[in-house]
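*Asks:* Quick one: the structure is below, and I'll ask about it shortly.
Computed from the coordinates by the stated procedures, all read-outs in this text should not be read as laboratory data. This structure is a prediction, so every number in the text was calculated from the model and none was measured. Every residue, glycine among them, receives a Cβ derived from its backbone with ideal geometry; neighbour counts consider all protein chains shown.
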């Protein structure tokens with residue numbers, strides 16, 4: 001009896017773990033942009049900067065500024081990690097990432113041109129640093 | 001007793017008279033120069049702060065990292 005209930009418990013535990021793993025793992029694996037972040041990008045409230053970080057375009061509500069900070073903290077952590085593995089400096093990695101991120105903006109999104117001004121991405125290739133690959 | 005011992009040592013203001021006009025003027029200019037240096041006026045910029053990016057990065061490094069940064073975007077879609 002005790003053995004049975006133990007087994008049932010184990011099964012339940014396994015099922016529970018699987019469920020928990022699925023519900024936790026799925027967003028982590030297939031995690032795209034947060035809807036608020038996606039909306040801010042599409043609305044041109046935030047844009048990609050040359051230095052590899054996200055920027056608020058002009059004066060934005062606090063919620064947007066907080067969103068930008070939250071993303072940039074994660075980016076910096078990621079860049080630090082990648083730079084170390086690639087034997088590059090944080091800035092080298094971040095700028096190269098910025099080249100790629102500006103290249104991947106879609107029409108309507110904002111990016112920072114080499115002169116420092118915000119530009120709206122059009123169907124044409126974005127203006128990037130001459131050093132960008 | 002001589003008069004010298006009874007007289008108080010000259011104060012800074014009196015010394016200027018003794019130094020002569022030219023030196024007094026020089027002294028005044030030094031003091032005047034120090035007054036504005038002592039007060040720091042801070043005003044908030046009305047333009048957004050533009051971070052000047054010192055792009056001190058070699059072409060070689062950029063090309064070496066190019067593939068990795070592209071993969072990095074695909075691996076971390078949430079933060080890019």
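*Asks:* Can you sort A:132, B:39, A:99 so the residue with the fewest Cβ neighbours within 10 Å comes first? The partial results should precede the final answer.
*Replies:* Details: A:132 19, B:39 6, A:99 23.
The most exposed by this proxy come first: B:39, A:132, A:99.
*Asks:* Neighbour counts of other C-beta atoms within 10 Å: give me B:60, A:92, A:48 arranged from fewest to most.
*Replies:* On the way: B:60 8, A:92 21, A:48 27.
Result, fewest neighbours first: B:60, A:92, A:48.
*Asks:* While we're looking at this one, here's another question. Could you calculate the contour length gain from residue A:90 to residue A:43, that is, 0.36 nm times the residue separation minus the distance between their Cα atoms, to one decimal place in nm? Spell out each step's value before the answer.
*Replies:* Numbers: separation 47, 0.36 × 47 = 16.92 nm, distance 2.95 nm.
Answer, rounded to one decimal: 14.0 nm.
*Asks:* Treating region A:38-86 as a set of equal point scatterers at the Cα positions, no solvent, please give the Debye-formula log₁₀ I(q)/I(0) at q = 0.17, 0.18 Å⁻¹.
*Replies:* -0.52, -0.56
*Asks:* Using Cβ contacts closer than 10 Å as the measure, can you line up A:37, A:79, B:63 from fewest to most? Let's see the in-between values first.
*Replies:* Details: A:37 20, A:79 26, B:63 12.
Least crowded to most crowded, the residues run B:63, A:37, A:79.
*Asks:* Given the Cα-Cα distance of residue B:56 and residue B:39 and 0.36 nm per residue of separation, how much length would full extension add, in nm? Can you show the working numbers first?
*Replies:* Working: separation 17, 0.36 × 17 = 6.12 nm, distance 3.63 nm.
Between residue B:56 and residue B:39, full extension yields an extra 2.5 nm.
*Asks:* Continuing with the same structure: Using square roots of five times the C-alpha gyration tensor eigenvalues, list the equivalent-ellipsoid semi-axes of region A:53-133 in whole Å, biggest first. List each step's numbers first, then the result.
*Replies:* Numbers: eigenvalues 95, 71, 18 Å².
Working from the Cα gyration tensor, I get semi-axes of 22, 19, 9 Å.
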